[in-house]
Each structure stands twice: as C-alpha cells, then as structure tokens.
Amino acid sequence: MKIEDLEKVVELNTYIKGIEDFIDICNNKTKYIEIKCGVFRITVAEGQEHEITKALEKIKSNMIEQLKELGVEV
C-alpha cells in the first residue's frame, strides 16, 4: 500500500469513528445535540435527529466503500 493510500485509510477511519460517536450520542436520547464548527452552529432537538443519523449512515457507508477500494478489509 502506498503512503498516500495509508494516509487516506487513517483519515477515513477517523471520519467513520466520528460518525459512529455522533450516532451513539443521538441514540442515548439526550434532550438536544449541539454541533459547533467555526461559525456554524446547529441545535437538534430530540426526535429530529433521525434524518441526520440516516444521512451520516449513508456517508459512513460510502467511506467504507472507499476503504474497500483501497484494499482494507472492513
């Protein structure tokens, strides 16, 4: 595996872990979830997180496919 591919694998694994952590937080049924990133901020009330977790699962699935393309067993 090339160094560039290894760096991409590490990056994808980090993103996947972040998605899994976020979904775990959503599944713990907190009253709300607050997302902050620079000037962007969103508050997701309980019961509204379903569409976000659905989208994140799709993104995660795409990242897993990228890992498979790089030859990583997932």
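The values are calculated or read from the model by the stated rules, or taken from the named source; none is laboratory data. Because the structure is a prediction, the values reported are computed rather than measured. Don't worry about glycine lacking a Cβ; one is built from the backbone with ideal geometry, like all the others, and counts go over all protein chains shown. Ligands, DNA and RNA are stripped out before the accessible areas are found, and what is left, the full protein with its side chains, is counted by its heavy atoms. Shrake-Rupley method; radii C 1.70, N 1.55, O 1.52, S 1.80 Å.
Carbon and sulfur: what percent of the chain's accessible surface (1.4 Å probe)?
On the way: 3110 of 5750 Å².
That share works out to 54 percent.
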- line: Residues of region 39-74 with backbone N under 16 Å of the label point set 7 Å from the Cα of Asn13 along Cα→Cβ are 63-74
- prompt: Per residue, how many Å² of accessible area does the chain show with a 1.4 Å probe?
  reply: 78 Å²
statement: Relative to the compact-globule estimate 2.2 N^0.38 Å (N residues), the Cα gyration radius of the chain stands at a ratio of 1.30
message: Need the list of lysines near Lys54 for cross-linking: C-alpha distance under 28 angstrom, and skip anything on the same chain fewer than eight residues off.
response: Lys8, Lys17, Lys29, Lys31, Lys36, Lys68
